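Participant: Have a look at the structure that comes next, please.
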Amino acid sequence: MSVPYQLICGVWMAVVIVASFLFVGPARGFREPEAARILFYHVPVAWLAVLGFLTAMVNAIHYLRTRRIEFDLRSASAAEMGFLFCLLATLTGALFAHVQWGMAWNWDPREVSILVLLLLYGAYFALRSAVEEEERRASLSAAYAILSVPPMIFLVFVLPRIVFSLHPSDTVKSGSMTPDYRVVFLASLVGFTLLYTWIYQLRVRVEVLWRTAKHV
Amino acid sequence: MKKSALFGLVVVVGFVAFGATAFKEAATPYVSFSQARTAPSAVQIKGTLDKRSIRLDSINRTLHFDLVDEGGDRMPVSYAKPEPGNFRQATEVVVVGRYDGHEMQAENVLVKCPSKYQGRGVEHPPYVKIPPHTP
């Protein structure tokens with residue numbers, strides 16, 4: 001009998017959460033060394049935001065190639081997930097900044113760029129809700145989902161590196177973590193990615209069912 | 001198809017490059033020391049902390065230190081709140097405050113986080129925290 005990956009995901013995440021508090025030590029050099037553990041949640045949700053936006057782009061390309069509405073639903077679901085995790089990255093980031101920098105929001109370039117990113121994808125949903133006709137909505141939002149990716153890459157990966165930022169940008173590199181941090185960090189990335197896959201599949205199923213229900 | 005795709009790519013790259021340069025200035029809230037000296041309101045400055053300049057005024061419970069920018073310009077800062085826990089290890093520091101004619105009166109001192117996460121097996125330095133002052 002095979003074990004469903006949802007069960008593995010649940011157990012895995014539980015272990016990661018417990019380990020992040022009990023196994024990992026406080027990090028040296030932080031204002032609040034104990035609170036540096038938010039790393040295990042802040043970085044994975046930011047990664048999932050990027051993954052969501054990229055998944056939205058891939059499905060948008062598939063839609064424009066095949067014109068099958070299923071890909072539009074997938075693209076929209078992925079963009080929603082990206083937006084949700086982007087919001088979570090912003091909130092955990094503000095919390096992190098409040099504890100470690102001493103101010104939750106000081107308009108640091110990293111904060112400005114994620115806010116612009118939220119607006120960029122917020123406009124995607126405004127676009128979707130503004131177009132009634134299904135096929136037209138699908139092709140317009142597919143184009144938007146593809147064209148949003150270059151600015152997304154710029155906002156997430158480039159901008160905070162070319163100007164001064166309080167936010168570190170070279171944490172995810174070999175040798176920048178002691179083994180306790182590295183192990184739990186990688187495990188957390190894997191766990192969150194499984195969680196993303198699970199929620200995404202559920203979301204797509206709901207979208208497909210909704211559409212079927214509307215057309216019956 | 002190929003020509004139009006190439007054209008599209010050029011347009012996209014062009015817009016991204018334009019957006020990048022136009023956005024770079026607007027995206028950063030940190031001003032130069034000379035701008036801070038003439039600014040009418042509170043501003044944010046960033047600089048390297050000169051560790052030798054750190055001085056604690058125990059009577060007024062005020063922390064004094066100098067920030068140095070890339071050009072070597074020096075800005076004295078005074079901060080009337082408890083010293084941040086990791087201040088003595090800091091290199092890059094952001095100060096939010098206003099210039100009073102000879103120094104920055106800081107409302108907030110933000111310390112850049114380490115990019116390294118050193119947990120188990122690493123010794124922590126003893127933190128000397130000043131107790132919060134009672135008015």
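Participant: Restricting attention to segment A:154-165, does a residue exist that is touching an Asp or Glu at 6+ places or on another chain (Cβ under 7 Å), β-branched (V, I, T) and surrounded by fewer than 20 Cβ atoms within 10 Å (Cβ to Cβ)?
Facilitator: Looking through segment A:154-165, none of the residues is touching an Asp or Glu at 6+ places or on another chain (Cβ under 7 Å), β-branched (V, I, T) and surrounded by fewer than 20 Cβ atoms within 10 Å (Cβ to Cβ).
Participant: Okay, next question. Name the residue, out of A:V43, A:V16, that is in contact with a Ser or Thr (Cβ under 8 Å, 6 or more places away or on another chain), within 14 Å of chain B (Cβ to nearest Cβ) and not hydroxyl-bearing (S, T, Y).
Facilitator: Sole residue among the options that is in contact with a Ser or Thr (Cβ under 8 Å, 6 or more places away or on another chain), within 14 Å of chain B (Cβ to nearest Cβ) and not hydroxyl-bearing (S, T, Y): A:V43.
Participant: Which one of A:V190, A:V112, A:V163 is among the hydrophobic types (A, V, I, L, M, F, W, C), within 14 Å of another protein chain (Cβ to nearest Cβ) and within 21 Å of the chain's Cα centre (by Cα)?
Facilitator: Going through A:V190, A:V112, A:V163 in turn, just one is among the hydrophobic types (A, V, I, L, M, F, W, C), within 14 Å of another protein chain (Cβ to nearest Cβ) and within 21 Å of the chain's Cα centre (by Cα): A:V112.
Participant: Would you be able to say whether some residue in segment A:65-76 is farther than 17 Å from A:R205 by Cα and touching a helix residue (DSSP H, G or I) at 6+ places or on another chain (Cβ under 9 Å)?
Facilitator: yes
Participant: Got at least one residue in segment B:2-10 being away from chain A (no Cβ under 14 Å), more than 23 Å from A:W105 (Cα to Cα) and modelled with pLDDT of 90 or more?
Facilitator: no
Participant: Also: Exactly one of (1) more than 30 Å from A:P151 (Cα to Cα); (2) of a type in the set (S, T, N, Q); (3) more than 14 Å from the chain's Cα centre (by Cα) is unmet by B:N108. Its number?
Facilitator: Tallying (1) more than 30 Å from A:P151 (Cα to Cα); (2) of a type in the set (S, T, N, Q); (3) more than 14 Å from the chain's Cα centre (by Cα), B:N108 fails exactly one: (3).
Participant: Could you grab me the full set of residues in segment B:84-118 that are facing another protein chain (nearest Cβ under 7 Å) and either buried (at least 21 other Cβ atoms within 10 Å of the Cβ) or among the charged types (D, E, K, R) (or both)?
Facilitator: B:P84, B:V94, B:V109, B:L110, B:V111, B:K112, B:C113, B:K116, B:Y117, B:Q118
Participant: Moving to a separate point now. Give me the residue from segment B:24-34 that is more than 7 Å from chain A (Cβ to nearest Cβ) and out of contact with any strand residue (DSSP E or B) (no Cβ under 6 Å at 6 or more places or on another chain) and, out of that set, surrounded by the fewest Cβ atoms within 10 Å (Cβ to Cβ).
Facilitator: B:E25
Participant: Condition first: buried (at least 23 other Cβ atoms within 10 Å of the Cβ), assigned to a helix (DSSP H, G or I) and among the hydroxyl-bearing types (S, T, Y). Can you find one or more residues in segment A:128-135 that meet it?
Facilitator: No, there is no match, as no residue in segment A:128-135 is buried (at least 23 other Cβ atoms within 10 Å of the Cβ), assigned to a helix (DSSP H, G or I) and among the hydroxyl-bearing types (S, T, Y).
Participant: Does A:N106 meet the test of being of a type in the set (S, T, N, Q) and under 16 Å from A:F125 (Cβ atoms)?
Facilitator: Considered against the rule, which asks whether it is of a type in the set (S, T, N, Q) and under 16 Å from A:F125 (Cβ atoms), A:N106 comes out as no.
Yes/no per residue for (1) outside any helix (DSSP H, G or I); (2) at pLDDT below 95; (3) more than 22 Å from A:F21 (Cα to Cα):
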| residue | (1), (2), (3) |
| --- | --- |
| A:A145 | no, no, yes |
| A:I153 | no, yes, yes |
| A:V158 | no, yes, yes |
| A:R161 | no, yes, yes |
| A:P168 | yes, yes, yes |
| A:V172 | yes, yes, no |
| A:W198 | no, yes, yes |
| A:E207 | no, yes, yes |
| A:R211 | no, yes, yes |
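Participant: Tally up the residues in segment B:65-80 that are assigned to a loop (DSSP other than H, G, I, E, B) and of a type in the set (S, T, N, Q), please.
Facilitator: Of the residues in that region, 0 qualify.
Participant: In segment B:37-83, what count of residues is obtained for those that are polar (S, T, N, Q), surrounded by 13 or more Cβ atoms within 10 Å (Cβ to Cβ) and farther than 15 Å from A:F164 by Cβ?
Facilitator: Residues meeting the conditions: 3.
The values are calculated or read from the model by the stated rules, or taken from the named source; none is laboratory data. Worth saying up front: this structure is predicted, and the values here are computed from it rather than measured. Because the Cβ atoms are built from the backbone with ideal geometry, glycine has one as well, and the counts that use them run over all protein chains shown.
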